[in-house]
Amino acid sequence: MTSNNTLLARVRKLLAKAEAAGVTPAEAEALTAKAAELMAKYGIDRALLAAERPETDHPTDRVVDIDNPWARVQAHLLCGLASAMRCQCVVLPRVEAGARIHMFGFASDIERADILYTSLLVQMWQGLAAADLPSWSRSPKAWRRSWLLGFATAVVSRVRAAEHKAASEATAPAVASGSKATLVLADRRQVIRRNIEQAYPLTRKTRLTYSGNGYGAGYAEGQKADIGSTRIHGPATQALGRGDR
């Protein structure tokens with residue numbers, strides 16, 4: 001566990017540098033790309049360790065309340081990152097303005113998603129503040145919303161690629177523990193799916209759409225950062241506050 005803690009500490013330091021004022025886009029890209037790579041490796045290491053020592057990691061859940069502005073876009077980012085990191089999300093009804101997300105996953109994967117989500121939010125707001133609103137835009141609000149969605153989509157795509165690469169390398173036939181890793185990752189997916197089905201028997205897929213012309217600019221900025229959710233049917237479901245249940 002010491003080596004895993006050290007790896008995660010390196011990830012935090014890299015992301016902190018990427019968020020710092022004065023860091024160029026190229027520097028932030030390199031820092032965040034390395035952090036995503038290490039984060040993916042950390043996730044595989046924790047999964048394999050838990051297969052030998054179940055007490056080191058366990059399935060859990062967390063409810064996250066997201067306030068405005070742009071709560072739905074932030075939720076889209078969180079759910080995308082969670083999905084890439086082998087977690088799953090359910091979008092809950094919320095009386096107050098904003099969004100409520102119920103995350104299911106193993107503790108180490110929820111932790112990874114939370115760390116990266118927090119850092120990317122900072123980078124996303126910084127990128128939007130620096131973005132030039134086109135003079136021809138008829139709706140600045142719509143343009144900014146589409147920019148944010150483009151950014152979120154791009155970074156989730158990069159994280160998913162890093163996670164896929166790490167999983168492919170760990171499960172390759174040439175790797176001595178490849179067969180074991182394949183079974184471990186498949187078993188964890190089944191556990192999470194079963195937990196969601198028990199908590200929410202009826203769910204449906206949802207998609208976040210956008211208007212405005214800022215999507216391409218936001219997507220490009222999200223690529224520089226380098227790195228579907230599910231909605232329940234029916235009335236509001238009582239959920240826990242932020243924190244593990």
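Counting only residues that are part of a helix (DSSP H, G or I) and either at pLDDT 95 or above or under 16 Å from VAL90 (Cβ atoms) (or both), segment 57-73 holds 2 of them. Screening MET39 against (1) more than 26 Å from VAL184 (Cα to Cα); (2) assigned to a helix (DSSP H, G or I); (3) within 19 Å of the chain's Cα centre (by Cα) leaves a single unmet condition, (1).
Could you please let me know if GLY43 is in contact with a Lys or Arg (Cβ under 6 Å, 6 or more places away or on another chain) and not β-branched (Val, Ile, Thr)? In short, yes. Kindly indicate the residue of segment 74-101 that is in a strand (DSSP E or B) and in contact with a helix residue (DSSP H, G or I) (Cβ under 6 Å, 6 or more places away or on another chain) and also nearest to TRP143 (Cα to Cα) among those meeting that condition. Looking at the filtered set, the residue picked out is ALA99.
Scanning segment 154-181 for residues that are farther than 16 Å from ASP45 by Cβ and crowded, with 19+ Cβ neighbours inside 10 Å yields ALA154, VAL155, VAL156, ARG158, VAL159. Checked against the criterion of being open to solvent by less than 20 Å² (accessible area, probe 1.4 Å) and assigned to a helix (DSSP H, G or I), the candidates LEU31, LEU8, LEU48, LEU14 yield just one match: LEU8. Taking residues in segment 126-139 that are within 15 Å of TRP70 (Cβ to Cβ), and partners anywhere that are in a loop (DSSP other than H, G, I, E, B), the pairs with Cβ atoms closer than 7 Å and at least 6 places apart or on different chains are SER139/GLY212.
Would you check if there is a residue in segment 210-220 being open to solvent by 60 Å² or more (accessible area, probe 1.4 Å), modelled with pLDDT of 50 or more and out of contact with any strand residue (DSSP E or B) (no Cβ under 6 Å at 6 or more places or on another chain)? Checked segment 210-220: no residue is open to solvent by 60 Å² or more (accessible area, probe 1.4 Å), modelled with pLDDT of 50 or more and out of contact with any strand residue (DSSP E or B) (no Cβ under 6 Å at 6 or more places or on another chain). If only residues of segment 83-104 that are over 15 Å from TYR42 (Cα atoms) and among the small types (Gly, Ala, Ser) are counted, the one that is nearest to the chain's Cα centre (by Cα) is SER83.
Yes/no matrix, rows are residues, columns are (1) open to solvent by 30 Å² or more (accessible area, probe 1.4 Å); (2) touching a strand residue (DSSP E or B) at 6+ places or on another chain (Cβ under 7 Å):
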| site | (1), (2) |
| --- | --- |
| TRP70 | yes, no |
| VAL73 | no, no |
| LEU81 | no, no |
| VAL91 | no, yes |
| ALA99 | no, yes |
| PHE106 | no, yes |
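The values are calculated or read from the model by the stated rules, or taken from the named source; none is laboratory data. Model, not experiment: these values are computed from the prediction. All Cβ positions, glycine included, derive from the backbone under ideal geometry; neighbour counts span all protein chains shown. Note: accessible area is taken over every heavy atom of the protein model, side chains too, but ligands, DNA and RNA are not part of it. Shrake-Rupley method; radii C 1.70, N 1.55, O 1.52, S 1.80 Å.
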